[in-house]
Amino acid sequence: MLGPSAHIDTFTRDHLPPPEQWPDILLDGFDYPERLNAGVELTDRLVEKGLGDRTALIGNGRRRTYKELSDWTNRLAHALVENYGVEPGNRVLIRSANNPAMVACWLAATKVGAVVVNTMPMLRAGELAKIVDKAEITVALCDTRLMDEMTACAKDSTFLKQVIGFDGTANHDAELDRAALDKPVTFTAVNTGRDDVALLGFTSGTTGVPKATMHFHRDLLIIADAYAREILEVTPDDIFVGSPPLAFTFGLGGLAIFP
């Protein structure tokens, strides 16, 4: 039985497979509350626990603490809601190579209750269009260095209405960055349900049209609370580095969620 939902746009819950097709999901020992926002748990909650001064991300020649990441994502969340009208349950595509700004955009979109679709930077307009059409994506956040194919996709798209550029370098000089610049560093995140879909992970389409796997907010946390804690035995002094794209769910886990 699914718990409560905060999604105004109910597309993802409406498209979950029927319950009789679900596997048995064994959650003993992972007793998350009915209301849970993974973006908050990975940023603001860690600051509340006194970890704000610890390094969260290293990239583009600098280190960012958990407090800096919390402030950054909260400003971006304000911009997504107030400047671009993103509502809980809307699908938001992110197009970028691995960089701290992509992590910040993903976390910010998660905080506002959106369903994030991280995409591989090598995809071309036609390949992006298949994902946009299947998930009925209306908003895309794109590293300005990769805008050409994203813009071409939007030009002919029935669904994609906004393509918003962000700066994947350390300069913070793009449309989304400027919109977020003067926003507050606190944000009341959407009180999503633990069973609200937070992420759509698309296959590459090697067997036909790409297909999406649907991941709840609790799913994003359980991979850290189980695999990273129990198998990898991660400690606070560990530093993670790797080559998997953040758009690949193992890359997102290994480089952003596990640590």
I need the full set of residues from the range 160-197 which are in contact with a Gly (Cβ under 7 Å, 6 or more places away or on another chain) and aliphatic (A, V, I, L, M), in order please.
A170, A174, L176, A189, V190
Give me a count of the residues in the range 139-160 that are assigned to a loop (DSSP other than H, G, I, E, B) and either in contact with a strand residue (DSSP E or B) (Cβ under 7 Å, 6 or more places away or on another chain) or farther than 23 Å from D14 by Cβ (or both).
2
When you scan the range 82-128, how many residues do you find that are surrounded by fewer than 20 Cβ atoms within 10 Å (Cβ to Cβ) and either free of Cβ contacts under 8 Å to residues at least 12 places away in the same chain or in a helix (DSSP H, G or I) (or both)?
6
Looking only at residues that are loosely packed, with under 12 Cβ neighbours inside 10 Å and hydrophobic (A, V, I, L, M, F, W, C) in the range 1-23, which one is nearest to the chain's Cα centre (by Cα)?
I8
Counting only residues that are touching an Asp or Glu at 6+ places or on another chain (Cβ under 9 Å) and among the aliphatic types (A, V, I, L, M), which one in the range 198-208 is surrounded by the fewest Cβ atoms within 10 Å (Cβ to Cβ)?
L199
Looking only at the range 35-53, how many residues end up being surrounded by 11 or more Cβ atoms within 10 Å (Cβ to Cβ) and in a loop (DSSP other than H, G, I, E, B)?
5
When you scan the range 161-175, do you find a residue that is touching a residue at least 24 places away in the same chain (Cβ under 8 Å), touching a helix residue (DSSP H, G or I) at 6+ places or on another chain (Cβ under 7 Å), in a helix (DSSP H, G or I) and under 23 Å from L57 (Cα atoms), even just one?
no
Out of F159, F166, F187, report the one residue that is at pLDDT 95 or above, surrounded by fewer than 23 Cβ atoms within 10 Å (Cβ to Cβ) and aromatic (F, W, Y).
F159
Quick count over the range 7-22, residues being over 12 Å from E136 (Cα atoms) and in a helix (DSSP H, G or I), is 5
Top-ranked residue of the range 234-259 - restricted to ones that are aliphatic (A, V, I, L, M) and assigned to a helix (DSSP H, G or I), ranked as surrounded by the most Cβ atoms within 10 Å (Cβ to Cβ):
L252
Pick out the one residue from L181, L176 that is surrounded by 19 or more Cβ atoms within 10 Å (Cβ to Cβ) and at pLDDT 95 or above.
L176
Members of the range 202-233 found to be modelled with pLDDT of 95 or more and assigned to a loop (DSSP other than H, G, I, E, B), listed by number:
L232, E233
Hey, L27 surrounded by fewer than 22 Cβ atoms within 10 Å (Cβ to Cβ), of a type in the set (A, V, I, L, M) and either part of a loop (DSSP other than H, G, I, E, B) or under 17 Å from the mean Cα position of the chain (by Cα) (or both) or not:
yes
Subset of the range 157-171 (residues that are over 19 Å from the mean Cα position of the chain (by Cα) and farther than 22 Å from V132 by Cα)
A170, N171
Got at least one residue in the range 56-65 being among the hydrophobic types (A, V, I, L, M, F, W, C), touching a helix residue (DSSP H, G or I) at 6+ places or on another chain (Cβ under 7 Å) and within 25 Å of P236 (Cβ to Cβ)?
yes
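The values are calculated or read from the model by the stated rules, or taken from the named source; none is laboratory data. Every value quoted in this text rests on a predicted model; they were computed, and no experiment measured them. As a convention, Cβ positions derive from the backbone with ideal geometry for all residues, glycine included, and neighbour counts pool all protein chains shown.
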